[in-house]
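Some notes on the structure that comes next.
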Amino acid sequence: MRSIFIGSTGNQPGQTIAAWALAARLKEEGLNVGFLKPYGLLPNGEASSREATCDPDVLLLREVLGLAEERQTLCPVMLTENLLSGVSGDKGEELLKRIDEAFQEVSRGKDVVLIMGGKEIFFGGELSLLSDSVLVKRFDASVLLVDRYQRDNTTLYSILSLNSFLEGRVKTVILNHVPPDRMDHVKTRVITFLREKGLRCAGAVPEDPLLSAFTVAGLAEWVNGRILCCPEEADRLIVSFTIGSKFLEGPFSIFKQVYNKIVLIRLEKDETEKKTVGGILLTGGKPPGEIILRKACEQNVPIVLVPTDTFQTMERLEKARPFLALRDEFKMRHFLSLIDQDREARNWVESLR
């Protein structure tokens, strides 16, 4: 049995979708795959019900892999970020023992166990016994590192210094969210340099609107809203939102009379297509009139009723990030196809062995 650790350099690089993609590839090879997230981070402040109940990565990978273990086994420690950095001494040893016991249980009968780290592999350093760097060495795991590409120097320093600190355990690097106009540079310069420095495999994935899109259902859940009509369109992909009315033309003109609203802009198949309305959030908790609902139904546009006012709702939307669910498998498959387009990165799974 071998262990693979999926780490992140921070700034939401796409760690979850990379873990899902890896799990899918290993399952396709006929391997029995286990999963462990040693610690989950509870939010320090306000949280949606989904965040507070269980780490969303655990919910997703448990379903993806069809695992029978309880959530508490798959994620044995739940802490806030404030508490994580201070875990040491007897308390730290107690939590490590809990993680070790969970690892033994989830690895029973498995060919490979995926261990998913926190949102930043550098977090806590050696100050915390639960830091990712400590756990990688504890489980003698190969590392798949996911990095949000920003600048050459930042990316190269982060990856190479981390690989040195982890004694060469970083086997595959995925540079995600690369601007399309920088792809050639990243492939020919950055990735070539990483390979020359001893990394087995490094690949680049371009910024893609499909991967970063929200669903109407996901946004409704994020703002504690209730879908009033067209629930069959709840999986429609949304790329942005606005309180303006410039998209409310033709049959949507009636919504200009509604002041407490946020317009959701849908993802179009072709960038040349005109942006259109994908849904409307009605804020303030007051249900709309019958004519508004009827017009929305005629245009197949979901209406979501939100309890908070427009300012509070918009503030929360700006902090939103799309949680992946099983219904988003098409995103994971698209992510895999983008990796496969990089001829030099097609052995990214094999490099982790």
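The values are calculated or read from the model by the stated rules, or taken from the named source; none is laboratory data. As the structure is a computational prediction, the values presented were derived from the model and not from experiment. Cβ coordinates were reconstructed from backbone atoms using ideal geometry, including for glycine residues, and neighbour counts include every protein chain displayed.
When VAL178 is tested against (1) over 23 Å from the mean Cα position of the chain (by Cα); (2) farther than 30 Å from ASN260 by Cβ, just one condition goes unmet, and that condition is (1).
What strands (runs of 3 or more DSSP E) completely inside the range 151-259 contain at least 1 residues that are in contact with a Ser or Thr (Cβ under 8 Å, 6 or more places away or on another chain)? Per the criteria, 170-178, 201-206, 237-242. Taking the range 1-108 as the region of interest, the helices (runs of 4 or more DSSP H) fully inside it that hold 3 or more residues being at pLDDT 95 or above are 15-28, 56-65, 89-106.
When VAL304 is tested against (1) without any contact (Cβ under 8 Å) to a residue 60 or more places away in the chain; (2) within 14 Å of ASN224 (Cα to Cα), exactly one condition is not met: (1). Please specify each residue of the range 149-193 satisfying the condition of being touching a Gly at 6+ places or on another chain (Cβ under 9 Å) and of a type in the set (S, T, N, Q). Passing the criteria: SER158, ASN163, THR172, ASN176. The C-beta contact set for the range 9-35 (first residue closer than 15 Å to ARG62 by Cα, second residue part of a loop (DSSP other than H, G, I, E, B) and at pLDDT 95 or above, distance under 6 angstrom, 6+ apart or interchain) comprises ASN32/LYS110; ASN32/ASP111; GLY34/SER107; GLY34/LYS110.
Would you point out the residue of the range 201-233, among those that are small (Gly, Ala, Ser) and closer than 30 Å to THR155 by Cβ, that is surrounded by the most Cβ atoms within 10 Å (Cβ to Cβ)?
So in the range 201-233, the residues small (Gly, Ala, Ser) come out as 202-204, 212-213, 217-218, 220, 225.
Applying the additional criterion that residues be closer than 30 Å to THR155 by Cβ yields 202-204, 212-213, 218.
Working: ALA202: 27, GLY203: 24, ALA204: 25, SER212: 16, ALA213: 19, GLY218: 22.
Taking the candidates together, the pick is ALA202.
Count of the range 251-266 residues, restricted to those that are exposed (fewer than 13 other Cβ atoms within 10 Å of the Cβ) and among the charged types (D, E, K, R), is 1.
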